[in-house]
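This report concerns only the one structure given below.
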Amino acid sequence: MRNSYFILMACCLLFIASCSQPSSVQTDETKTFRSDILSRYTSVKQLTILSGDTGLSFRYVMDGSDAERTAIFEETRNFFLSDPVQTKIVKQRYADKHGKRTFPYPDIEIVFMLSGKDTADYKYVSSYYGSSTDPSVIDSYRTWHYFEGNKAGVKLENSGSSH
């Protein structure tokens, strides 16, 4: 009986761990976007697009300049805000699937890691909601924040980035 309890607990823990692990996003749109970025920016060594339980992450490993990073951020943000991504990924994977949650839309992060590192050197983040406690305050991913290393975040202007 005691062994059965431990086996049941192990299975539950395995199930919980597998549910919370981010998974790679493989749609026609993300495959095309990834291929396009990797072919146009030789400084990008790797691009991984991950879907977690409450967020979507674009993770770049690269050696590029600030100007390249800014251009890639702008392209990634525009791609994320495009109708196909908002419909096929944001709405279907999150809003429809988790509609009973208080905040069913994913947070978004665009992360840049210098080659050879596995921590974020630069990160841009945004949310669908403008309040972490009131789902009626909707920002629709208009407000973005920029983080450099462990420094405090900086709010970006709606029209674009200066980083």
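The values are calculated or read from the model by the stated rules, or taken from the named source; none is laboratory data. Quantities reported herein were computed from a predicted structural model and do not represent experimental measurements. A quick note on method: Cβ atoms are made from the backbone with ideal geometry, for glycine too, and the neighbour counts reach across all protein chains shown. SASA here: full protein model, heavy atoms, side chains in, ligands and nucleic acids out. Shrake-Rupley method; radii C 1.70, N 1.55, O 1.52, S 1.80 Å.
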Selection within the stretch 131-163 - at pLDDT 85 or above, under 23 Å from THR102 (Cα atoms) and within 18 Å of the chain's Cα centre (by Cα): ASP139, SER140, TYR141, ARG142, THR143, TRP144, HIS145
Counting only residues that are surrounded by fewer than 19 Cβ atoms within 10 Å (Cβ to Cβ) and closer than 22 Å to THR70 by Cβ, how many does the stretch 126-139 have? 1
Every residue in the stretch 55-74 that is assigned to a helix (DSSP H, G or I) and open to solvent by 60 Å² or more (accessible area, probe 1.4 Å), please. ASP66, ALA67
Of (1) buried (at least 19 other Cβ atoms within 10 Å of the Cβ); (2) in a loop (DSSP other than H, G, I, E, B), ILE110 fails just (2)
So, ARG77, is that one part of a loop (DSSP other than H, G, I, E, B) and either surrounded by 15 or more Cβ atoms within 10 Å (Cβ to Cβ) or not hydroxyl-bearing (Ser, Thr, Tyr) (or both) or not? no
Within the set of pairs 6+ apart or on separate chains, which have a first residue in the stretch 58-81 that is free of Cβ contacts under 8 Å to residues at least 60 places away in the same chain and under 23 Å from THR143 (Cβ atoms), a second that is open to solvent by 30 Å² or more (accessible area, probe 1.4 Å) and of a type in the set (D, E, K, R), and C-beta atoms under 7 Å apart? none
Give the residues of the stretch 25-54 that are outside any helix (DSSP H, G or I) and open to solvent by 60 Å² or more (accessible area, probe 1.4 Å), sorted by residue number. GLN26, THR42, LYS45, GLN46, ASP53, THR54
On the basis of being under 18 Å from ARG34 (Cβ atoms) and touching a Lys or Arg at 6+ places or on another chain (Cβ under 8 Å), does VAL61 make the cut? yes
